[in-house]
Amino acid sequence: VDVARLAQLIVERLAPQADTRGVTLRVESVPGLPLAWADSDRVEQVLLNLLDNAIKYSPPEATVDVAVLVGPEQTVLVQVRDRGIGIPPEVLPRIGERFYRADKARARAHGGSGLGLAIAQALVEAHSGKLWLESHEGEGTTAQFTLPEA
Ligand code: ATP
Ligand code: MG
């Protein structure tokens, strides 16, 4: 899978949805990236889930950046970075659990079932990759995952 190309296509497809929230999506990648050994439809699902969160938890007029990079140990690394509300450190370890949603009031306002990240994590791990989040409350969140090089 050419992950940079896939990310570009998905971002173009989500642009109208992001636009209704005033959110801008950007993709950058480095030249000469290796292909990933992956199931394209599943990688698409992972990207959709991460971008859905990034858009949903961004303030209006914010930018979401997708970067496709060379990762450690023969991997392709994908980062989805938002400048949204962030996730409190005390709940960050639980965020990948099925049906877990960070705060109930916020969860009701945004809909969703709390499954998106659990599904994304399972799909990435089925490729022998890793998915993790870094977040600072009030500053934003970066979700990242690796996929093996082809
Ligand atoms: P679903 O994905 O099933 O529609 P969801 O988005 O609530 O529902 P997850 O994607 O699994 O579920 O995310 C779990 C929880 O983690 C969210 O409810 C939210 O509290 C928090 N979260 C996830 N991504 C972000 C983000 N980018 N910024 C802030 N909070 C986030
Ligand atoms: Mg979600």
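The values are calculated or read from the model by the stated rules, or taken from the named source; none is laboratory data. Since this is a predicted model, take the numbers as computed values, not measurements. Don't worry about glycine lacking a Cβ; one is built from the backbone with ideal geometry, like all the others, and counts go over all protein chains shown.
Odds and ends about this structure:
- Candidates in region 1-41 are the residues that are within 16 Å of ligand 1 (Cβ to nearest atom) and out of contact with any strand residue (DSSP E or B) (no Cβ under 9 Å at 6 or more places or on another chain); of these, the one that is nearest to residue 82 (Cα to Cα) is 21.
- Residues that are under 24 Å from residue 148 (Cα atoms), within 13 Å of ligand 1 (Cβ to nearest atom) and either among the hydrophobic types (A, V, I, L, M, F, W, C) or touching an Asp or Glu at 6+ places or on another chain (Cβ under 6 Å) (or both), drawn from region 55-84: 66, 80, 81
- Close pairs (8 angstrom Cβ cut-off, 6 or more residues apart or separate chains): farther than 17 Å from residue 4 by Cβ in region 45-60, more than 8 Å from ligand 1 (Cβ to nearest atom) and small (Gly, Ala, Ser) anywhere: 55/18; 60/22
- The residues in region 36-93 that are within 16 Å of ligand 2 (Cβ to nearest atom), at positive phi and modelled with pLDDT of 95 or more can be counted, and the count is 0.
- Considering residues of region 96-138 that are assigned to a loop (DSSP other than H, G, I, E, B), of a type in the set (Gly, Ala, Ser) and within 14 Å of ligand 2 (Cβ to nearest atom) only, the residue modelled with the lowest pLDDT: 111
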